[in-house]
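J.: The structure's right below; bear with me while I get my questions together.
The values are calculated or read from the model by the stated rules, or taken from the named source; none is laboratory data. Here the structure is a predicted model, which means the values were calculated and not measured. Here the Cβ positions follow ideal geometry from the backbone for every residue, glycine too, while neighbour counts run over all protein chains shown. The area values use the complete protein model at the heavy-atom level, side chains included, leaving out ligands, DNA and RNA. Shrake-Rupley method; radii C 1.70, N 1.55, O 1.52, S 1.80 Å.
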Amino acid sequence: MKRLLKYIYKQLLPSRIRQSIDLFTYLKMSKVDGLCEKKVLVLAPHPDDDIIGCGGTLYRYHLMGSEIAVVYMTDGRKGNNRYREDELVCMRQEEAKRASKIIGVNRLIFLDNRDTELSPSPKTIKELFEILGDLKPEALFLPFFLDNHHDHIATSQIFFSTPKSFTSCMCYSYGIWTPLPTFNIMSDITTCLQTKILALQEHKSQLEDVDFTEAVKGISRYHSAMSGGDGYAEIFIACPVNEYQRLGKAIGW
């Protein structure tokens, strides 16, 4: 984490203020677990990103009695070229619905933005602003802003561009296409791993070319080992929303 912050300070923050402020207090704090929020919202660029990035942790929240909502930022039409795009959109919605029941998600919101074309437009910013204002989450899960996929980066850009209608929220960044460079939250999903895998297997259209369930198990095992555990874990870069906003400003978003 300190290495990431050092890079941000040197490369992205204006030189005139580098030495005079300390923006990222919470990010420097290493924490293990500590998940306790009752209202959880996930921003998933595509159907299945929620399960891959934080499915085990979402199931833990479900077991704690938390209310969970997932917003799918795009329609997933480009996820498998074996199908017509309109057909695949319907398939992926049904897959997401089945997976969400296994994890214990209470509400799904499907936006109609086209897969691979997501951008921080007035439309998408307004959509997210209204959702955030309506749900007022205590915990918000979203892709890390350096996750190497256009729609994942755009999801962060939209969030950074959205006027905040709430002040007390924890942001949890997860990795999909790019492993997180560091973390300050480790969520033990050892007892939840099988549930996560069962939910992932409902996304059949995404597993036809490459069945990456073993990869999901492997990286979860690695995350646990790097935290000194012998089970499975998901990791996050976490901080309060106001600190995350400052991080967005530091990178120019």
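J.: Which of the residues that make up the stretch 70-99 are open to solvent by 10 Å² or more (accessible area, probe 1.4 Å) and either among the small types (Gly, Ala, Ser) or in a helix (DSSP H, G or I) (or both)?
T.: Residues satisfying the conditions are Gly79, Glu85, Asp86, Glu87, Val89, Cys90, Met91, Gln93, Glu94, Lys97, Arg98.
J.: Against the condition open to solvent by less than 50 Å² (accessible area, probe 1.4 Å), among the aliphatic types (A, V, I, L, M), touching a residue at least 60 places away in the same chain (Cβ under 8 Å) and more than 17 Å from Ile68 (Cα to Cα), how does Ile197 come out, does it pass?
T.: no
J.: Looking at (1) assigned to a helix (DSSP H, G or I); (2) acidic (Asp, Glu); (3) under 21 Å from Gly104 (Cβ atoms); (4) open to solvent by less than 60 Å² (accessible area, probe 1.4 Å), can you tell me which one Asp134 breaks?
T.: Only one criterion is unmet by Asp134, namely (4).
J.: Let me ask something else. Does Ile102 satisfy the condition of being modelled with pLDDT under 65 and either open to solvent by 40 Å² or more (accessible area, probe 1.4 Å) or not aromatic (Phe, Trp, Tyr) (or both)? Break it down stepwise before answering.
T.: Values: modelled with pLDDT under 65: no; either open to solvent by 40 Å² or more (accessible area, probe 1.4 Å) or not aromatic (Phe, Trp, Tyr) (or both): yes.
Spelling it out, it is not the case that Ile102 is modelled with pLDDT under 65 and either open to solvent by 40 Å² or more (accessible area, probe 1.4 Å) or not aromatic (Phe, Trp, Tyr) (or both).
J.: If you don't mind, there's one more thing I want to ask. Test Met170 against the criterion of being touching a strand residue (DSSP E or B) at 6+ places or on another chain (Cβ under 6 Å) and more than 21 Å from His152 (Cβ to Cβ), and give yes or no.
T.: no
J.: Here's another thing I want to ask about it. Taking Gly252 as the residue in question, decide whether it is out of contact with any Phe, Trp or Tyr (no Cβ under 9 Å at 6 or more places or on another chain) and part of a loop (DSSP other than H, G, I, E, B). Reasoning before the result, please.
T.: On the way: out of contact with any Phe, Trp or Tyr (no Cβ under 9 Å at 6 or more places or on another chain): yes; part of a loop (DSSP other than H, G, I, E, B): yes.
Yes: the conditions hold for Gly252.
J.: Any residue in the stretch 124-132 that is more than 17 Å from the chain's Cα centre (by Cα) and aliphatic (A, V, I, L, M)?
T.: yes
J.: Out of the stretch 106-121, which residues are open to solvent by less than 40 Å² (accessible area, probe 1.4 Å) and under 14 Å from His46 (Cα atoms)? I'd like the intermediate steps shown before the answer.
T.: Our first condition is that a residue be open to solvent by less than 40 Å² (accessible area, probe 1.4 Å); within the stretch 106-121, this holds for 109, 111, 113, 115, 118, 121.
Ile109, Leu111, Asn113, Asp115, Leu118 - these are the residues of the stretch 106-121 that are open to solvent by less than 40 Å² (accessible area, probe 1.4 Å) and under 14 Å from His46 (Cα atoms).
J.: Collect the residues in the stretch 147-165 that are open to solvent by 10 Å² or more (accessible area, probe 1.4 Å) and at pLDDT 90 or above, keeping them in residue-number order. It would help to see each step written out before you state the result.
T.: As a first pass, look at the stretch 147-165 and keep what is open to solvent by 10 Å² or more (accessible area, probe 1.4 Å): 148-150, 153, 157, 160-161, 163-165.
Selection gives Asn148, His149, His150, Ile153, Gln157, Phe160, Ser161.
J.: Against the definition (touching a Ser or Thr at 6+ places or on another chain (Cβ under 6 Å), within 27 Å of Phe183 (Cβ to Cβ) and of a type outside the set (Lys, Arg)), how does His62 come out, yes or no? Walk me through it before giving the result.
T.: Values: touching a Ser or Thr at 6+ places or on another chain (Cβ under 6 Å): no; within 27 Å of Phe183 (Cβ to Cβ): yes; of a type outside the set (Lys, Arg): yes.
Criteria not met by His62.
J.: Here is a list: Ser173, Ser156. Which entry is assigned to a helix (DSSP H, G or I), touching a Pro at 6+ places or on another chain (Cβ under 9 Å) and in contact (Cβ under 8 Å) with a residue 40 or more places away in the chain? Steps first, please.
T.: Values: Ser173 fails: assigned to a helix (DSSP H, G or I).
Answer to the check: Ser156.
J.: Also, I was wondering about something else. Step by step: first the residues of the stretch 122-131, then only those that are closer than 17 Å to Gln245 by Cα and free of Cβ contacts under 8 Å to residues at least 60 places away in the same chain, then the one that is most open to solvent (accessible area, probe 1.4 Å). Which residue is that? Break it down stepwise before answering.
T.: Of the stretch 122-131, the ones closer than 17 Å to Gln245 by Cα are 125, 128-129.
The next check asks that each one be free of Cβ contacts under 8 Å to residues at least 60 places away in the same chain; those that pass are 125, 129.
Working: Ile125: 36, Phe129: 81 Å².
My answer is Phe129.
J.: A further question follows. Does Ser168 qualify as being of a type in the set (Ser, Thr, Tyr) and open to solvent by less than 60 Å² (accessible area, probe 1.4 Å)? Show your work before the answer.
T.: On the way: of a type in the set (Ser, Thr, Tyr): yes; open to solvent by less than 60 Å² (accessible area, probe 1.4 Å): no.
So Ser168 does not fit the description; no.
J.: For the structure I just gave you, tell me whether Cys192 is open to solvent by less than 40 Å² (accessible area, probe 1.4 Å) and not in a helix (DSSP H, G or I).
T.: Details: open to solvent by less than 40 Å² (accessible area, probe 1.4 Å): yes; not in a helix (DSSP H, G or I): no.
So Cys192 fails the test.
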